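Report on the structure given below.
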Amino acid sequence: MMLALVCATGVSAEDVAPIDALLEIEGDVAYGEYLATECTACHGGGGRIPPLAGLPREYMLSALHDYKSGVRENATMKNVAMALGDDEMAALAAFFETETP
Ligand code: HEC
């Protein structure tokens, strides 16, 4: 099962910053709003993809962290998470938490 954590790009769970460090970053809501246009194409509601508005930031951050490390397996969201730096994840989490579902 541990082998499954190593993905095609060669990034293993150990290469991803620990979740504690991520949770300590204060997200910039305005920056998160700017970045969110990358997410709403898929997460805008109406389909089977879960909406992001109103998600608690801890939930959002742990979900993104788990996609990045491969703990949570989804090829699409892995690609999305791999492209995001810690400050970007923190900003997105801060923004979506302020959104009304
Ligand atoms: C190409 C489509 C697509 C894009 C773009 C996308 N997502 Fe996703 N996202 C998905 C799908 C599909 C799932 C469900 C994956 C699963 O089953 O785990 C998902 C799941 C998630 C979840 C878990 C939701 C939950 O309720 O557990 C989070 C958090 C998330 N995405 C955040 C983001 C953020 C933040 C962005 C923008 C930076 C983004 N996504 C961009 C398709 C997308």
Handout entry: By average C-beta atoms within 10 angstrom, highest first, the peptides 17-30, 80-93
Key = 80-93, 17-30
Exercise for the section: Heavy atoms only, probe 1.4 Å: what % of the accessible area of the chain goes to carbon and sulfur, would you let me know? Expected result: 57
Problem - Dipole magnitude (debye, nearest 20) for the chain, charges at Cβ of Lys, Arg, Asp, Glu - result: 540
Handout entry: Accessible surface, per residue, of the chain when the full set of protein chains is kept, probe 1.4 Å, Å²
Key = 63
Exercise for the section: May I ask for log10 I(q)/I(0) of the chain at q = 0.22 Å⁻¹, from a Debye sum over the Cα atoms as equal point scatterers with solvent left out? Expected result: -1.17
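The values are calculated or read from the model by the stated rules, or taken from the named source; none is laboratory data. Computed from a predicted structure; not experimentally measured. Methodologically, a virtual Cβ is constructed for each residue, glycine included, from the backbone with ideal geometry; neighbour enumeration extends over all protein chains shown. Side chains included, ligands, DNA and RNA excluded: accessible areas come from the protein's heavy atoms. Shrake-Rupley method; radii C 1.70, N 1.55, O 1.52, S 1.80 Å.
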